[in-house]
Amino acid sequence: MSNPAAAPVSSTAPASSTASASSTAPALSSAPARSRAARIALRTVTVLLALFFAFASALPKLIGHSSAVESFDTIGWGAPGMYAIGALELAGAVGLLIPVLAGVTPIALSALMAGAFVTQLTVFDGENAATPLILMVPLLVLARVRRGHNRAWVAALRRRT
């Protein structure tokens, strides 16, 4: 009879640890299960965006390429603005690849692209205004897909305050 009594005790211990683990897990597990192909596609888009933001967008600003210098002089922000935007884009590229930041980074980069769009319209007469809009599409898709990560962030912040 001692064995049946031991069984409920051992089964309640995992159940209570499962219950405590599930109280923190629902925010992350609330996203629907995705197929392997969908996960691969999302990861591919994420890596391509990170590479674009790091090398095609941030790098010219951070090394002071003449085209970037000229653009930021035209805007009126000069070198400090160019380096600041380049640093934000590089931080966004890195953030896209860090799982903890995977939900909030596409939102932040989308906001940066919204600013780039407005700048293209107002300063450069819409010359390359489509580029930020094109980049916003996959960023907003990633933000939508990873909204569970954002819920987990908000829940964690609320617990801390």
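Read the figures in this text as sums done on the coordinates, not as results from a lab. Since we're looking at a predicted model, the values are computed, not measured. Here the Cβ is made from the backbone with ideal geometry for all residues, glycine too, and neighbour counts use every protein chain on show.
Can you list the HN-Hα couplings for segment 149-159, worked out from phi with the Karplus curve (6.51, -1.76, 1.60; θ = phi - 60°), rounded to whole Hz and with x for Gly and Pro?
5, 5, 4, 5, 4, 4, 4, 5, 5, 5, 5
Kindly write out, for segment 113-120 in residue order, the coupling ³J(HN,Hα) from the Karplus curve 6.51 cos²θ - 1.76 cosθ + 1.60 (θ = phi - 60°), rounded to whole Hz, with x marking Gly and Pro.
Karplus values, whole Hz, x for Gly and Pro: 5, 4, x, 5, 5, 4, 5, 4.
Using a basic spin-label model with each label point 7 Å from the Cα along Cα→Cβ, how many nm lie between R160 and A38?
Those two pseudo-labels are separated by 3.1 nm.
Which of the peptides 40-53, 114-127 is most tightly packed, and how do the rest follow, going by the mean number of other Cβ atoms within 10 Å of each residue? Walk me through the numbers before you get to the answer.
Numbers: 40-53: 15.7, 114-127: 13.9.
The most tightly packed comes first, giving 40-53, 114-127.
Decide, for segment 83-144, between rounded, prolate and oblate: order the square roots of the alpha carbon gyration tensor eigenvalues as a ≥ b ≥ c, take rounded if a/c falls under 1.5, and otherwise choose prolate if a/b is larger than b/c, else oblate. List each step's numbers first, then the result.
Working: a/c = 3.11, a/b = 1.69, b/c = 1.85.
Here segment 83-144 falls in the oblate category.
Report ³J(HN,Hα) in whole Hz for each residue of segment 63-77, in order, from the Karplus equation J = 6.51 cos²θ - 1.76 cosθ + 1.60 where θ = phi - 60°; Gly and Pro get x.
With coefficients 6.51, -1.76 and 1.60, one gets 8, x, 4, 4, 5, 5, 4, 4, 4, 6, 5, 5, 5, x, 9 Hz.
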